[in-house]
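Please read the structure below before turning to the comments.
The values are calculated or read from the model by the stated rules, or taken from the named source; none is laboratory data. Predicted model, so just to flag it, every value in this text is computed and none were measured. FYI the Cβ positions are ideal-geometry reconstructions off the backbone, even for glycines, and counts take in every protein chain you see. To get the accessible areas, we keep the full protein, side chains included, count just its heavy atoms, and leave off ligands, DNA and RNA. Shrake-Rupley method; radii C 1.70, N 1.55, O 1.52, S 1.80 Å.
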Amino acid sequence: MPSADGLRQYRLNLAREARRFKRYPVQARERGWEGVVVVVVNTVAGAEHPQVMLSQSSGFEILDQEALELVTQAIRTALIPDSLRGRLFGLTLPIHYHLDE
């Protein structure tokens with residue numbers, strides 16, 4: 001069982017890295033589209049990087065795709081705590097898109 005502290009730390013690391021890669025798609029901004037995309041990050045035995053999947057749609061495919069891409073990028077740079085290395089785990093990460101950002 002992965003440690004709760006390790007999961008919390010990794011979620012924070014991922015969120016921090018995700019902010020670096022986040023951009024609001026121009027088309028979505030122009031059309032006034034907002035929403036929350038919930039992304040699931042799961043480790044898979046033998047995989048080099050965790051899997052990234054959509055858990056909850058914002059209702060707008062362009063926002064959903066952008067969220068999946070930024071989390072995929074964040075995974076490449078976010079540090080995985082030692083307590084999670086080689087372990088199977090999953091976590092959710094909400095990505096918010098608000099026009100006043």
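Quick rundown of the values:
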{"quantity": "Looking only at the range 72-89, and only at residues there that are buried (at least 16 other Cβ atoms within 10 Å of the Cβ), in a helix (DSSP H, G or I) and out of contact with any Asp or Glu (no Cβ under 9 Å at 6 or more places or on another chain), the one that is modelled with the highest pLDDT", "calculated": "Thr72"}
{"quantity": "The range 52-71, residues that are open to solvent by 60 Å² or more (accessible area, probe 1.4 Å) and either among the charged types (D, E, K, R) or closer than 14 Å to Arg19 by Cβ (or both)", "calculated": "Glu61, Glu69"}
{"quantity": "Residue satisfying all of: in the range 6-32; more than 16 Å from the chain's Cα centre (by Cα) and not aliphatic (A, V, I, L, M); modelled with the lowest pLDDT among these", "calculated": "Gly6"}
{"quantity": "Residues (open to solvent by 60 Å² or more (accessible area, probe 1.4 Å) and either without any contact (Cβ under 8 Å) to a residue 12 or more places away in the chain or assigned to a helix (DSSP H, G or I) (or both)) located in the range 31-50", "calculated": "Arg31, Gly46, Glu48"}
{"quantity": "Filtered residues of the range 8-30 (kept if open to solvent by less than 40 Å² (accessible area, probe 1.4 Å) and either assigned to a loop (DSSP other than H, G, I, E, B) or more than 15 Å from Leu70 (Cα to Cα) (or both))", "calculated": "Tyr10, Tyr24, Pro25, Ala28"}
